[in-house]
Amino acid sequence: MELGEKLRQARLEAGLSQRQLCGEIITRNMLSLIENGSAQPSMDTLKRLAARLDKPVSYFLEETAVTSPNQSIMAEGRRAYREGNYPQAIECLAAYQPPDLVFDEEHSLLLTLSRLALAEDALAKNQRPYARALLEAVRRDSAGAIYYTQELERRRLLLLAQVQPELGGEILRRLPGEDSELLLRARQALADAQPDTAAVFLDACRDRDSAQWCILRGDAALGRKAYAEAAGYFHRAEQREPESCYPRLEECYRAMEDYKQAYTYACKQRK
């Protein structure tokens with residue numbers, strides 16, 4: 001049974017006229033065309049009609065899944081993504097022909113995941129313009145997609161902040177209450193010898209008084225050889241985390257040739 005026939009049968013079983021089923025979703029004329037097999041509804045329209053009929057969307061798609069013209073394209077795209085071959089996944093998915101009631105949403109999600117993963121690779125290779133183009137494509141094409149979650153948007157923003165460090169603070173402040181993740185990202189950036197990136201993540205945190213934040217922010221300044229600035233951050237955490245701060249402060253004062261202070265902090269480590 002075709003989709004339109006199933007839709008008509010479900011409507012009759014529910015005791016609804018075409019006008020009652022349509023409501024504000026589509027016109028009665030369009031519903032008539034769909035039921036007669038002369039038109040295909042969008043996935044969003046089908047979901048809303050299915051909800052009104054108290055049926056899962058799968059009820060209307062079970063027999064059409066195997067006949068989708070995009071089935072082989074999606075299979076190739078999935079395979080390439082599983083293998084970590086993101087350029088090939090994107091290339092495969094470019095041949096996709098919408099609209100397709102079976103695969104539209106999965107296609108959108110798989111394309112988004114492939115672009116985000118490829119943007120991460122591009123950023124690791126310092127290919128910032130390419131990474132930025134991929135992230136812009138995610139923003140442009142994923143808006144409103146049912147599977148584009150807050151977690152995926154968070155991932156996009158974190159990458160965008162690294163692509164555009166001059167706007168990093170502004171970008172990252174869009175993330176709701178994610179200090180713990182920002183601290184982890186900053187720590188990784190420091191491990192990768194990227195103090196400027198670490199500073200961007202840290203400056204977007206809401207809590208800038210914790211000992212952990214001060215030490216990491218000091219490490220970021222230390223990585224840029226801004227020793228006086230680094231010492232200021234370490235002093236803020238000194239009372240709470242002396243064992244972490246004393247060796248760092250000794251390093252700062254030696255670099256600034258303040259040997260008296262350096263000696264003071266060297267002695268404190270021996271106590």
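The values are calculated or read from the model by the stated rules, or taken from the named source; none is laboratory data. Given the structure is predicted, the values throughout are model-derived calculations rather than measurements. When we count neighbours, we look across all protein chains shown, and the Cβ atoms used for this are built from the backbone with ideal geometry, even at glycine. Heavy atoms of the whole protein, side chains included, go into the accessibility calculation; ligands, DNA and RNA do not. Shrake-Rupley method; radii C 1.70, N 1.55, O 1.52, S 1.80 Å.
Points worth noting:
- Criterion: open to solvent by 70 Å² or more (accessible area, probe 1.4 Å), in contact (Cβ under 8 Å) with a residue 12 or more places away in the chain and out of contact with any strand residue (DSSP E or B) (no Cβ under 6 Å at 6 or more places or on another chain) - qualifying residue of 240, 270, 248: 240
- The numbered conditions (1) more than 30 Å from residue 35 (Cβ to Cβ); (2) open to solvent by 50 Å² or more (accessible area, probe 1.4 Å) are all true for residue 115 except (2).
- Subset of segment 1-32 (residues that are assigned to a loop (DSSP other than H, G, I, E, B), under 16 Å from residue 46 (Cβ atoms) and open to solvent by 50 Å² or more (accessible area, probe 1.4 Å)): 1, 2, 14, 24, 27
- Residue in segment 254-266 that is closer than 22 Å to residue 199 by Cα, over 37 Å from the mean Cα position of the chain (by Cα) and in a helix (DSSP H, G or I) present: yes
- Every residue from segment 33-42 that is open to solvent by less than 20 Å² (accessible area, probe 1.4 Å) and among the aliphatic types (A, V, I, L, M): 34
- For residue 96, the conditions (1) under 30 Å from residue 121 (Cα atoms); (2) open to solvent by less than 90 Å² (accessible area, probe 1.4 Å); (3) not in a loop (DSSP other than H, G, I, E, B) are fulfilled apart from (3).
- Scanning segment 1-32 for residues that are free of Cβ contacts under 8 Å to residues at least 24 places away in the same chain, under 39 Å from the mean Cα position of the chain (by Cα) and farther than 13 Å from residue 53 by Cβ yields 24, 26, 27, 30.
- Where residue 74 falls short, out of the listed (1) under 21 Å from the mean Cα position of the chain (by Cα); (2) open to solvent by less than 40 Å² (accessible area, probe 1.4 Å): (1)
- Inspection of segment 147-157 identifies no residue that is surrounded by fewer than 19 Cβ atoms within 10 Å (Cβ to Cβ), among the acidic types (Asp, Glu) and over 13 Å from the mean Cα position of the chain (by Cα).
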